[in-house]
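Peer 1: Structure below; questions to follow.
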Amino acid sequence: MNKSVIYFAAFFQVMVFSVYASDKYVLSYNNVKDEHKVHIQASASDVFSHEIASGKVKPLLGGMSGDGLYVIELNPSKFVLRCMKQPYSVEWCQKDCQYSRMAAEKGLGPKVVYENLAEGCYAIEFVDGAHLSPAHLEDKQILEQFTCALRTIHNGSVDSQVKFDIFKRIDQKIKSNIQKNPEFSIELHDFLDEVYKINTAIKKHTIEPKACHNDIHVMNLFYTSEKTIKFIDWGNAGLGDPFWDIACSVIKFHFSKEQVGFFLEKYFENNISSADRAHFILIENVALLSTGLNFLAIKQEVPSAAVKAAVSNYLRKTNEEMTSSMDTFEDIAKICFALFKKRAQSQEYKEAFLLLEQL
């Protein structure tokens, strides 16, 4: 074999696989950004308290934030390190840690095991379990457990005053999609007007801002072998409208009409008001629109079989007909948009508007 090829291969191996040794442990890692290595080493030193051992580090893929995420395993310790992307905010890093600790104290999330707020880094225990799925929540006991967990989070106390305004987020998301998808311009402008009307109506239903997760979906919830529910990823957490978490739960976990009724009655402890129900009906449609906008943002990619199955499951459980194919994410976005418009014309939706406008 040509020597230059051998040298290149050896150099490449060094680049993707390296070893770090301290007086307590030896870590092997690959595909780790150089600027994150010092934080990996610092968190490992802080968490690991045994004699010399060997461990490994690997990137955790799939996050949408752009943060560096790593699973660090040093037997018996296993944790996830988050290195916030530049420019990070000490206030936001502190906020994430506060919400994580609040959830952990209530048995609803992994513990924070390391934090370096000045550098925008923190670590939490690794959650060993399956992601909470729509199938899990078809079991009424688990659905009730999830409902109680969500209400407990909303009634939790945090010092952080960071706020989350879903309507500002949706406004930005629609305007971004208008720029990138001019062929949807008229439709998206109509959606912008409808969202403005919803926001105006909902503001008449005065509720106290709550500690909210604001990013409820399958990948951010676990169901453990101990039959406990754990929330992770508090990047969007903030004081906000608890109905957003409620509505996202209904959409992302494909609740049927019967499940929605059970969920709301349990969440409001059998005392849901007509204003609460109207608030939910309007914000649920915003959650559906938001889902469609997410799909439109990646319109050219081909949906996986799992994504198609999830969309089909939602349509089946809500007794909705398939309105188009699902060859691209744009097709799925169109399905969401069609449902948004259909529900906006329903009698239930119009009555919810009327009720809130009269408050």
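Peer 1: With respect to the numbered conditions (1) among the aliphatic types (A, V, I, L, M); (2) within 25 Å of Phe329 (Cβ to Cβ); (3) open to solvent by 10 Å² or more (accessible area, probe 1.4 Å), which one is the sole condition not fulfilled by Val250?
Peer 2: Result: Val250 fails condition (3) only.
Peer 1: Is it the case that Cys212 is of a type outside the set (Phe, Trp, Tyr), surrounded by 18 or more Cβ atoms within 10 Å (Cβ to Cβ), without any contact (Cβ under 8 Å) to a residue 60 or more places away in the chain and touching a Leu at 6+ places or on another chain (Cβ under 8 Å)?
Peer 2: Taking the combined requirement at face value, the residue satisfies it.
Peer 1: OK, next. For a quick check of your reading: which strands (runs of 3 or more DSSP E) sit entirely within the range 99-141 and have at least 1 residues that are free of Cβ contacts under 8 Å to residues at least 60 places away in the same chain and closer than 13 Å to Trp234 by Cβ?
Peer 2: Of the strands (runs of 3 or more DSSP E) lying wholly inside the range 99-141, those with at least 1 residues that are free of Cβ contacts under 8 Å to residues at least 60 places away in the same chain and closer than 13 Å to Trp234 by Cβ span 112-116, 121-125.
Peer 1: Are any residues in the range 62-76 surrounded by fewer than 20 Cβ atoms within 10 Å (Cβ to Cβ) and over 16 Å from the mean Cα position of the chain (by Cα), and if so, which ones?
Peer 2: Val71, Glu73, Asn75, Pro76
Peer 1: Which numbered condition in (1) at pLDDT below 95; (2) touching a Lys or Arg at 6+ places or on another chain (Cβ under 6 Å); (3) of a type outside the set (Phe, Trp, Tyr); (4) assigned to a loop (DSSP other than H, G, I, E, B) is the only one that Gln86 fails?
Peer 2: Going through the list (1) at pLDDT below 95; (2) touching a Lys or Arg at 6+ places or on another chain (Cβ under 6 Å); (3) of a type outside the set (Phe, Trp, Tyr); (4) assigned to a loop (DSSP other than H, G, I, E, B), Gln86 breaks only (2).
For (1) open to solvent by less than 50 Å² (accessible area, probe 1.4 Å); (2) of a type in the set (Val, Ile, Thr), each residue gets a yes or a no:
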| position | (1), (2) |
| --- | --- |
| Leu60 | no, no |
| Leu81 | yes, no |
| Gln86 | no, no |
| Glu91 | no, no |
| Ala104 | yes, no |
| Lys111 | no, no |
| Asn116 | yes, no |
| Val127 | yes, yes |
| Ala149 | yes, no |
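Peer 1: Hey, does the range 283-299 have a residue that's charged (D, E, K, R), modelled with pLDDT of 95 or more and open to solvent by 40 Å² or more (accessible area, probe 1.4 Å)?
Peer 2: No; the residues of the range 283-299 include none that is charged (D, E, K, R), modelled with pLDDT of 95 or more and open to solvent by 40 Å² or more (accessible area, probe 1.4 Å).
Peer 1: Same structure, new question: For the range 314-329, give me each residue that is open to solvent by less than 40 Å² (accessible area, probe 1.4 Å) and in a helix (DSSP H, G or I).
Peer 2: Those that are open to solvent by less than 40 Å² (accessible area, probe 1.4 Å) and in a helix (DSSP H, G or I): Tyr314, Leu315, Lys317, Phe329.
Peer 1: Is it true that Glu269 is part of a helix (DSSP H, G or I) and not hydroxyl-bearing (Ser, Thr, Tyr)?
Peer 2: no
Peer 1: So Glu258 passes all but one of these: (1) part of a helix (DSSP H, G or I); (2) open to solvent by 30 Å² or more (accessible area, probe 1.4 Å); (3) closer than 26 Å to Ile174 by Cβ. Which condition number does it fail?
Peer 2: (3)
The values are calculated or read from the model by the stated rules, or taken from the named source; none is laboratory data. Nothing here was measured: the structure is a model prediction, and the numbers come from that model. Quick reminder, even Gly has a Cβ in these numbers, built from the backbone with ideal geometry, and neighbours come from all protein chains shown. Please note that ligands, DNA and RNA were not included when accessible areas were found on the heavy atoms of the full protein model with its side chains. Shrake-Rupley method; radii C 1.70, N 1.55, O 1.52, S 1.80 Å.
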